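Let me begin by presenting the structure, written as structure tokens, before commenting on it.
The values are calculated or read from the model by the stated rules, or taken from the named source; none is laboratory data. Note that the coordinates shown come from a computational prediction; the quantities given were computed from them, not determined experimentally. With ideal geometry, Cβ positions are generated from the backbone for all residues, glycine too; neighbour counts draw on all protein chains shown. Note: accessible area is taken over every heavy atom of the protein model, side chains too, but ligands, DNA and RNA are not part of it. Shrake-Rupley method; radii C 1.70, N 1.55, O 1.52, S 1.80 Å.
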Amino acid sequence: MKIGILTFYRVPNYGAMLQAYALWKYLERRGHQVEFINYAFPNTKRISLWRCFVSRSLRGFRVKLRAYVRHPITAFALSYPQSNPCATCSQLHEVCKAYDAVIVGSDQMWNPQWVMSVLDVVFLGCLPEKCRRIAYASSFAVKTWQGGGQEKVAQLLRKFTALSVREASGVEIVRAFGCPDVQQMLDPTLLWTADFYSQFMTRNPKAEKYLFAYFLDEWADGPEERACLDACVSVTGVAKVRRDREPVSGWLALLCRVFQIKKKIPLPEWIGCVANAEFILTNSFHGTVFAILFHRPFITLLLTGTAEAMNERIVSLLSLVGLEERMIYAKDVGCVSRLIRDVKINWSAVDRRLVEKREEVIRFLVKCEL
């Protein structure tokens, strides 16, 4: 069967690229021909350097320059099979004539904070009628739908052959749209064990001990996060801290230092950082996923303020594997010592739960005739 996947796959985000890669390879192993739909979603293309210098404010300049210097990590996704480019519903319709089925998901493909202008795209309203619509672990990334357009979304969801979402709250959202036959499925990255990702990770030749601190950009270095990191260093006794960012070289180096911008390390090196860490402190969903896959002791910091709704991703994941105790708010720095010293992770129990959920995925795909 020829399958098109609509997701984020060529953006400067480790988790986005890896969930796309994992789903592609999983479906390919099941005997399908897979292609990513090259749709021009907003803010997913690399901007030209000159555009940075025509910004209206210093803040705008910094945002654009940071995006520019971090985009090269998407080189990992250059080999992904993809369709011809499309940027409108009619173009998407033409592209999808080549597929027997289209899968939307995973990642935040249904997050109401950004999808309102492209509802027909992300809910597959533009597809030819003959093409089967399947949602695999699509994520709303929030607890409730507050974006309006409920009637339209409900109408589009009823056209799906099969519906699955990533978070437990997503099940309730879809049911509220009048579609009771929906299941919670694993993020694609969890369809594989650590061995699958070890094949292309960068090794640690010196076998040095370090703590890996991986934070989403917007919430990377607040005082509470730094206090938690200091506590982890103190309790573990591991003084070296590695990050997913490194200084920019070349003629942009001075400018990037002034604006406190660093480039991201290549994806294989990022996987190696996770796999070889003595301990991981993160506030990232996929940072947590890969700590689990590689059996690295970790603490996940929950987000606060306007971003707090996005914690549903973490809550759902850790509840699924029985590790709810590993998530704390950064302000609860006093919990760090107890979690590191006294609360040990039963990795055998975690793996058993993942095996059970992977079996559910197989049953879901069989039902979809995939």
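Summary of values
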read-out: Nearest 10 degrees, 0 to 90: helix 14-29 Cα axis against the chain principal axis; value: 50 degrees
read-out: Surface accessible to a 1.4 Å probe, per residue, for the residues of the chain, Å²; value: 44 Å²
read-out: Solvent-free Debye scattering, log10 I(q)/I(0), computed from the Cα coordinates of region 92-246 at q = 0.09, 0.12, 0.18 Å⁻¹; value: -0.46, -0.71, -1.06
read-out: Cysteines without a disulfide-compatible partner [the chain; Cβ-Cβ under 4.7 Å]; value: Cys52, Cys86, Cys96, Cys131, Cys179, Cys228, Cys232, Cys256, Cys273, Cys335, Cys368
read-out: Gaussian network model of the chain, Cα within-10 Å springs - most flexible of Gln108, Gln184, Gln155; value: Gln155
read-out: Region 85-138: equivalent-ellipsoid semi-axes (sqrt of 5 x gyration tensor eigenvalues, Cα, Å); value: 18, 14, 8
read-out: Too-long pairs where the Cα-Cα distance tops 18 Å, listed order kept, from Lys2/Lys25; Lys97/Lys130; Lys152/Lys367; Lys2/Lys130; Lys25/Lys263; Lys25/Lys143; value: Lys152/Lys367; Lys25/Lys263; Lys25/Lys143
read-out: Rg(Cα) / (2.2 N^0.38 Å) computed for the chain, rounded to two decimals; value: 0.99
read-out: Hydrodynamic radius by Kirkwood, which averages 1/r over all alpha carbon pairs of region 42-125, in angstrom; value: 15.5 Å
read-out: Unit charges on C-beta of K, R, D, E only; dipole of region 95-140, Debye; value: 140 debye
read-out: Surface share of carbon and sulfur [accessible, 1.4 angstrom probe, percent] for the chain; value: 50 percent
read-out: Principal-axis tilt of helix 223-236 within the chain, Cα atoms, nearest 10 degrees; value: 70 degrees
read-out: Formal net charge of residues neighbouring Glu360 (Cβ-Cβ distance under 14 Å; K, R +1; D, E -1); value: +4
read-out: Globularity ratio of region 1-55, using Cα Rg and 2.2 N^0.38 Å; value: 1.45
read-out: Computed P(r) (all Cα pairs; region 213-370; 10 Å bins; percent); value: 9, 34, 34, 16, 6, 1
read-out: Dipole magnitude (debye, nearest 20) for the chain, charges at Cβ of Lys, Arg, Asp, Glu; value: 960 debye
